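The values are calculated or read from the model by the stated rules, or taken from the named source; none is laboratory data. Note that this is a predicted model, so its numbers are computed, not measured. When we count neighbours, we look across all protein chains shown, and the Cβ atoms used for this are built from the backbone with ideal geometry, even at glycine.
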């Protein structure tokens, strides 16, 4: 059977998922660089601009649990394909939209697609290699998401620098989604074991939510993604409001074709945040082997918190270094929170995955809150919100009871 074979050596489908996560990472995390452009074009407040992030991530709150239940019933293949189709349609529509309300609606559609893909894809990764490699493979897969996030601001800088409208970026995203969809359609998914299909039982969700491990780790996901997106989405505006730096791309000039298309420091810092996050996911396997997953979770959570505090309070160069380093140390937090909870409840992996991905709605609620505080009290005060969110993750890393080893 395919499942037995996939547990002896990594499945080719794992490489296709790397490409899928690379694509959705680029689509998801470029929002932090687009927000200043949207604010300027539509003349809206920081809070209103934060609702663009809300539109994307609120889909996790509505669609993760239904996706997890449907995965338990029908398997991963139809849901993974559906997710990429929604991403394709949404990105193509954003490239044609002309009003803020339509842009936000189509960003929501893209968010639904990413939610379905990730909720079904994360547990699927466990079945594409030996079970003992799940933590590593999930970290590596989401590492490709970080690499895509690193590339996004550079692609936007190129588009703006060559005089193209920013919406053209989403046309390129749609083309990438079409390529990924083709690869997935041609891939062989693991066969489901006879009798593994489960009826959709909504009553299991309240029972799981009453479990203290599921509840505490769901809150861990909520606060972690809130801190991550609530930080990265506002780096550019933080530089502008606190240090007086802008992220405008001047365009190519004679003798400066390459440097003229590079992002300015604020946008470059966003790129480094996501790029170092992706790098951290690629290189942290050695730390897992040497110290164990639980110790790495504790160390990285604490260091990410320290870096964010320095970024918030320091001068310009310290801010840039602090935000970038924070990206590196957040690299494994979500995968370790997620995989620890999944590993603790193997009999309900789809439902638990749905609950955990629902908690990613923290990324919908925290960024507008950061924007509101920034509007009224300044961006340094606003960054206290992601600092407090990461403090919860530090506490979870110390006192959480999920199984790792």
Only one of these conditions is not met by residue 360: (1) under 21 Å from residue 113 (Cβ atoms); (2) at pLDDT 90 or above; (3) in contact with a helix residue (DSSP H, G or I) (Cβ under 6 Å, 6 or more places away or on another chain). Which number is it?
(2)
With the requirement that a residue be in contact with a helix residue (DSSP H, G or I) (Cβ under 8 Å, 6 or more places away or on another chain) and closer than 19 Å to residue 343 by Cα, what does segment 282-297 give you?
285, 288, 291, 293, 294, 296, 297
Can you tell me how many residues in segment 265-277 are closer than 13 Å to residue 327 by Cβ and buried (at least 24 other Cβ atoms within 10 Å of the Cβ)?
6
Here is a list of conditions, (1) within 23 Å of residue 171 (Cβ to Cβ); (2) surrounded by fewer than 21 Cβ atoms within 10 Å (Cβ to Cβ); (3) modelled with pLDDT of 85 or more, and residue 78 meets all of them except one; can you say which number that is?
(1)
Residue check: is residue 110 in contact with a helix residue (DSSP H, G or I) (Cβ under 7 Å, 6 or more places away or on another chain), farther than 28 Å from residue 282 by Cβ and outside any loop (DSSP other than H, G, I, E, B)?
no
Residue by residue through segment 37-51, note down the ones that are in a helix (DSSP H, G or I) and either within 14 Å of residue 379 (Cβ to Cβ) or touching a strand residue (DSSP E or B) at 6+ places or on another chain (Cβ under 9 Å) (or both).
39, 46, 47, 49, 50
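Residue-wise test of (1) farther than 21 Å from residue 53 by Cβ; (2) surrounded by 24 or more Cβ atoms within 10 Å (Cβ to Cβ); (3) out of contact with any strand residue (DSSP E or B) (no Cβ under 9 Å at 6 or more places or on another chain).
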residue	(1), (2), (3)
298	yes, no, yes
303	yes, no, yes
311	no, yes, yes
314	yes, no, yes
323	no, yes, yes
330	no, yes, yes
352	yes, yes, yes
381	no, no, yes
399	yes, no, yes
Which residues, taken from segment 326-364, are within 13 Å of residue 218 (Cβ to Cβ), within 15 Å of the chain's Cα centre (by Cα) and not in a helix (DSSP H, G or I)?
360, 361
Residues of segment 300-325 satisfying the condition of being part of a helix (DSSP H, G or I) and free of Cβ contacts under 8 Å to residues at least 24 places away in the same chain:
306, 307, 310, 317, 318, 321, 322
In contact (Cβ under 8 Å) with a residue 40 or more places away in the chain, buried (at least 22 other Cβ atoms within 10 Å of the Cβ) and assigned to a loop (DSSP other than H, G, I, E, B), is that true of residue 124?
no
Only one of these conditions is not met by residue 19: (1) surrounded by fewer than 21 Cβ atoms within 10 Å (Cβ to Cβ); (2) out of contact with any helix residue (DSSP H, G or I) (no Cβ under 6 Å at 6 or more places or on another chain); (3) within 21 Å of residue 154 (Cα to Cα). Which number is it?
(2)
Exclusive hit being at pLDDT 95 or above, closer than 28 Å to residue 116 by Cβ, touching a helix residue (DSSP H, G or I) at 6+ places or on another chain (Cβ under 7 Å) and part of a helix (DSSP H, G or I), set 367, 386
386
Just checking, which of 18, 54 is under 15 Å from residue 114 (Cβ atoms) and assigned to a helix (DSSP H, G or I)?
54
Hits in segment 222-244 - residues which are assigned to a helix (DSSP H, G or I) and either out of contact with any helix residue (DSSP H, G or I) (no Cβ under 8 Å at 6 or more places or on another chain) or closer than 17 Å to residue 146 by Cα (or both):
224, 225, 226, 227, 228, 229, 230, 231, 232, 235
Criterion violated by residue 32 - all others in (1) within 13 Å of the chain's Cα centre (by Cα); (2) crowded, with 24+ Cβ neighbours inside 10 Å; (3) at pLDDT 80 or above satisfied:
(3)
If a residue must be closer than 22 Å to residue 365 by Cβ and more than 19 Å from the chain's Cα centre (by Cα), how many such residues does segment 50-91 contain?
1
